[in-house]
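Shown next, in structure tokens, is the structure this report addresses.
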Ligand code: AMP
Ligand code: GLY
């Protein structure tokens, strides 16, 4: 047994409240090391398999106090906000075990300007870019730029901070909104203007303790709201795993050109990275390039990656926290997973909540899991409580059969105005 210091019977605190956290809790629950799971704040679906605690994800003191009071053996952080606020530093100072990067390491997501300059320094492939903290200089540059470009707020903007500009007029409006009107608040004090990359987007997440890097299976998110990747970006309308386009050789390239230089570069700069490193990549004709890094698990990607992980997730988390990841060899299942997100009508813009949902039950016949993102329960009745409501995930022998099983399950779930994409995983079935 590797975990003499912990024994089994671990008490875990998971921070977050979406489909990603539901998938984490579901996976951790299958570990013989884990006895009890608390989730702050959790959601109604998560409440079926763990104990929800009403503490907000940015209430770092409250979370640390809870972990201390309950004798939590390991805290697992879902969203980026507490990580960029320094929850890992606070917990470690108090002698509490926590899984995730420190505040300084989490800057790889928290500051796009830092991430881009870091990539330039370590020759990590990414779109060419300029950083501006002065609006006049940004506007001046925009006059002569080669279009299209992407303009991005440097700070956290809930996934909405990247906008394409097709011409200088677009760029003027976007720069004015970000730097002048501050539509993303302080996140827009600095902006990045970068070249547009063309190709398919894939997600590669890796477990790392700062020394060993273990990439997970590649997955693909569907960010746009409508079929055929049309309409505005959302928090993710579905995902699949693995991605046939990502060969072993490409994975090796990503490891050598991207994952290793990031993790070792951060180490060199005194920002040891422990946790999940999420690389959002564009597979361009000249090779994979980084669109963004995240300092945490992706959502909905986690809902398709974890169901294919055979190994014990608690085991991996502990090895990372202890700096022993070299002893772990994760084992993956054969087959594929597809997640279809059922969203409220109107999402990602205005939508109603409190709408009755029918069909929430266990779907063993379809190898399906319902990961809840925004639901509320009142006795046996379920209601919508957010934009993204459910991640309907199925695992099967290949992408096609997994997609069929996910969509067969979706057919059983009804709520007024329900919206979902009908083409999740289409890129893998072409
Ligand atoms: P980000 O907030 O940086 O992850 O960007 C959000 C989304 O915008 C990405 O998932 C891409 O679909 C798109 N995007 C961002 N930057 C670029 C780029 N340089 N070229 C093409 N698409 C991009
Ligand atoms: N699926 C995109 C993200 O988690 O940021």
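Out of the residues in region 89-119 that are touching a strand residue (DSSP E or B) at 6+ places or on another chain (Cβ under 8 Å) and free of Cβ contacts under 8 Å to residues at least 24 places away in the same chain, state the one that is nearest to residue 193 (Cα to Cα). Filtering region 89-119 for residues that are touching a strand residue (DSSP E or B) at 6+ places or on another chain (Cβ under 8 Å) and free of Cβ contacts under 8 Å to residues at least 24 places away in the same chain, the one nearest to residue 193 (Cα to Cα) comes out as 117. Residues in region 262-285 that are surrounded by fewer than 19 Cβ atoms within 10 Å (Cβ to Cβ) and outside any strand (DSSP E or B) were compared, and the one that is nearest to the chain's Cα centre (by Cα) is 272.
For the criterion of being on the phi > 0 side of the Ramachandran plot, more than 16 Å from ligand 1 (Cβ to nearest atom) and in contact (Cβ under 8 Å) with a residue 12 or more places away in the chain, residue 270 passes.
Output the strands (runs of 3 or more DSSP E) that fall wholly within region 351-421 and possess 1 or more residues being touching a helix residue (DSSP H, G or I) at 6+ places or on another chain (Cβ under 9 Å), or say none. Fully inside region 351-421 and qualifying: 368-372, 375-378, 388-396. The sole residue among 228, 236 that is farther than 17 Å from residue 337 by Cβ and outside any strand (DSSP E or B) is 228. In region 135-142, is there at least one residue being in contact with a strand residue (DSSP E or B) (Cβ under 6 Å, 6 or more places away or on another chain) and modelled with pLDDT of 95 or more? Checked region 135-142: no residue is in contact with a strand residue (DSSP E or B) (Cβ under 6 Å, 6 or more places away or on another chain) and modelled with pLDDT of 95 or more.
Return the residues of region 291-315 that are within 13 Å of ligand 2 (Cβ to nearest atom) and either at pLDDT below 95 or outside any strand (DSSP E or B) (or both); say none if nothing qualifies. 295, 296, 297, 298, 299, 300, 301, 302, 303, 304, 305 - these are the residues of region 291-315 that are within 13 Å of ligand 2 (Cβ to nearest atom) and either at pLDDT below 95 or outside any strand (DSSP E or B) (or both).
Residues that are within 17 Å of residue 424 (Cβ to Cβ) and surrounded by fewer than 20 Cβ atoms within 10 Å (Cβ to Cβ) within region 198-222 comprise 200, 201, listed in sequence order. Scanning region 402-415 for residues that are touching a residue at least 12 places away in the same chain (Cβ under 8 Å) and surrounded by fewer than 17 Cβ atoms within 10 Å (Cβ to Cβ) turns up 408, 412, 414. Residues 348, 288: which one is in a loop (DSSP other than H, G, I, E, B), touching a strand residue (DSSP E or B) at 6+ places or on another chain (Cβ under 7 Å) and touching a residue at least 40 places away in the same chain (Cβ under 8 Å)? Only one candidate qualifies: 348.
The values are calculated or read from the model by the stated rules, or taken from the named source; none is laboratory data. Given the structure is predicted, the values throughout are model-derived calculations rather than measurements. Glycine gets a Cβ as well: all are built from the backbone with ideal geometry, and neighbour counts include every protein chain shown.
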